[in-house]
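Below is one structure, written out as structure tokens; comments come after it.
The values are calculated or read from the model by the stated rules, or taken from the named source; none is laboratory data. Please read these numbers as outputs of a predicted model, since none were measured by experiment. Positions of Cβ are backbone-derived with ideal geometry, glycine not excepted, and every protein chain shown enters the neighbour counts.
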Ligand code: PMP
């Protein structure tokens, strides 16, 4: 039976028209940050973006943006690949991101989305002779993909785009057609997420998260050359695993069958955070329970992102000046 896909889902909860965004060089209500239907980036996916989280710490009464500089650096790298000239410096972009979070007066975990795109109303297939635009918006955000007891995933029939087709290390808007096909199919077939193989049949990543296996107490993750996005959470997890748990982390190619043989499996990403996977293609991962290494990493990560682990305080950039903040939402 073919599932009825016409049913629409509500828009992202919390993404309201009157939230404060940044567009055309100034802060404005999100409802005013609109584009023309002839916009190049809308027609061809010629844009790039970032996904950044900020975490509310009730103890500190503070909102902390996680790894702000790393996200801004990756955004600049993505823009360079697409020949997008940003109208501001890295430091200025950090300030704009903080300003959007601050002006919304959020007191909850949020997601921040900077986006840059080819904005001329043009059908010409070019990246060079065309104008660029840039915007930031933000909204309250909880779990991206979560299931008590761990995610159930499938291996997608859609292969992960190859770096020789669309640059996989850049967060290119158009490449998310590939991710959406895999993720949508997985959901319609009753799974929480999709793992994606490269065209050569080896593991690449999930639709919008990196993937890790644990085997024999060692951690394994596909290398950057296996068509993955250079995940910022991936780096954080590698650092925590080595420094806090003293584990060996190997970045190496993973064949399809090895996925089924893992003692533990988990996804990492800004959206998904650290989420255990407990079945793949209806095969249990080990006993089908979230594994101890996954849970130890998730718990440390959860503390570090709210600035509760002093060794990782540099991951967290405060949004509010301590005295200035009076609170709202
Ligand atoms: N791969 C893809 C395709 C993604 O969209 C994301 C989310 N940004 C990730 C991996 C994870 O990257 P990060 O940890 O930097 O969010």
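Restricted to the stretch 228-242, and to residues there that are in contact (Cβ under 8 Å) with a residue 24 or more places away in the chain and farther than 10 Å from residue 268 by Cα, the residue that is nearest to the ligand (Cβ to nearest atom) is 229.
Pick from the stretch 309-324 the residues that are touching a strand residue (DSSP E or B) at 6+ places or on another chain (Cβ under 8 Å) and either within 16 Å of residue 273 (Cα to Cα) or surrounded by fewer than 16 Cβ atoms within 10 Å (Cβ to Cβ) (or both): which of them is modelled with the lowest pLDDT? Of everything passing the filter in the stretch 309-324, 322 is modelled with the lowest pLDDT.
Scanning the stretch 25-42 for residues that are on the phi < 0 side of the Ramachandran plot and loosely packed, with under 14 Cβ neighbours inside 10 Å returns 26, 29, 31, 32, 34, 36, 37, 38. For the stretch 248-256, state whether one or more residues are in a helix (DSSP H, G or I), away from the ligand (no atom under 16 Å from the Cβ) and more than 20 Å from the chain's Cα centre (by Cα). Yes, the stretch 248-256 contains a residue that is in a helix (DSSP H, G or I), away from the ligand (no atom under 16 Å from the Cβ) and more than 20 Å from the chain's Cα centre (by Cα). Put simply, of 112, 84 the only residue that is modelled with pLDDT of 95 or more, crowded, with 20+ Cβ neighbours inside 10 Å and away from the ligand (no atom under 16 Å from the Cβ) is 84.
Give the number of residues within the stretch 173-202 that are in a helix (DSSP H, G or I) and either within 12 Å of the ligand (Cβ to nearest atom) or surrounded by fewer than 22 Cβ atoms within 10 Å (Cβ to Cβ) (or both). Going through the stretch 173-202 one residue at a time, the tally reaches 15.
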